[in-house]
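Here's the structure we're looking at; comments come further down.
Derivation of every value follows stated rules applied to the coordinates shown; laboratory data play no part. The structure presented is a predicted model; accordingly, all values stated were derived computationally and were not measured. Cβ sites come from the backbone with ideal geometry, for glycine too, and all protein chains shown count toward neighbours.
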Amino acid sequence: KTERIEFALGLRMEYMDQTLKIANPDYFSIFDRPADSVYIAKQPDWFPLVHLNWKIAENDQLILAVNRRINKPPTKDMSPFLYRRHYEVYVVGDPALQPEYMNQAELSYGKTIGQQNFTFTGFYRATENAIFRVNTVYPEENVLIRSNTNAGNARAIGGELNTNIYIGSKLTGFFGG
């Protein structure tokens with residue numbers, strides 16, 4: 001921290017060591033996908049973080065935040081066993097499902113005028129191995145089979161404007177869009 005700049009830097013490391021053994025891999029035959037009996041995932045992952053808050057003037061600040069995150073699928077989404085959710089829907093997991101990785105950057109400008117605060121934030125988010133729900137109709141029983149899969153990558157860019165408006169001592173409004 002300095003007089004006008006506050007910053008935080010971080011680096012987290014995770015190592016995934018996961019093995020899934022399936023006694024009856026032929027169970028996947030209704031999906032036309034490989035029927036492996038063992039799924040192994042062993043990999044290190046690094047997650048950096050940078051946060052910078054620069055006080056430009058008494059009532060103006062600029063904030064930069066950059067980070068990498070992981071979204072690991074829950075076990076139920078990876079368990080390859082068909083179960084009936086309700087009469088028309090079966091659910092089955094995908095043991096080859098990989099975690100999603102999100103790289104995100106945000107740049108915010110904050111302005112204070114009297115008691116009123118205004119913040120404009122621009123962001124960019126890139127998701128690798130994006131997980132999507134997939135529905136397949138199983139014609140033999142005329143039911144829907146729901147699963148999840150890594151369907152590619154996703155990108156998002158956008159901005160938002162938020163303000164806190166203080167109206168007297170007992171009324172506050174928050175507006176954003």
Q. Between Asn164 and Thr2, what is the spin-label point distance in nm, taking each point 7 Å from the Cα along the Cα→C-beta axis?
A. 2.8
Q. Tell me, in nm to one decimal, what length is gained between Leu64 and Arg133 on full extension, where the rule is 0.36 nm per residue of separation less the Cα-Cα distance?
A. 21.5 nm
Q: Give the Rg (one decimal place) followed by the Dmax (whole number) of the chain, computed from C-alpha coordinates and expressed in Å.
A: 23.5, 70
Q: Give the longest segment of the chain that steers clear of trypsin sites (Lys or Arg not before Pro) in DSSP loops with at most 11 neighbouring Cβ atoms within 10 Å, not counting the sites themselves.
A: 5-169
**Q.** Cα centre as origin, Lys/Arg/Asp/Glu Cβ charges: the range 93-169 dipole, Debye
**A.** 360
Q) Just the Cα atoms of the range 49-144, one point each, no solvent: what log10 I(q)/I(0) does Debye give at q = 0.12 Å⁻¹? A) -0.63
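Determine by what factor the alpha-carbon radius of gyration of the range 93-177 differs from 2.2 N^0.38 Å, reporting the quotient. All intermediate terms of the calculation are to be shown ahead of the outcome.
On the way: Rg = 21.6 Å, N = 85, 2.2 N^0.38 = 11.9 Å.
Dividing the Cα Rg of the range 93-177 by 2.2 N^0.38 Å gives 1.81.
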Q. Among all stretches of the chain without exposed chymotrypsin sites (Phe, Trp or Tyr not before Pro) (DSSP loop, at most 16 other Cβ atoms within 10 Å), which one is longest?
A. 88-177
**Q.** Loop-located GluC sites (Glu not before Pro) in the range 106-177 whose Cβ has at most 12 other Cβ within 10 Å (DSSP)
**A.** Glu140, Glu141
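Can you give the relative contact order of the chain as a percent, counting alpha carbon pairs under 8 Å and 6+ residues apart?
Numbers: 383 pairs, mean separation 27.7, N = 177.
That works out to 16 percent.
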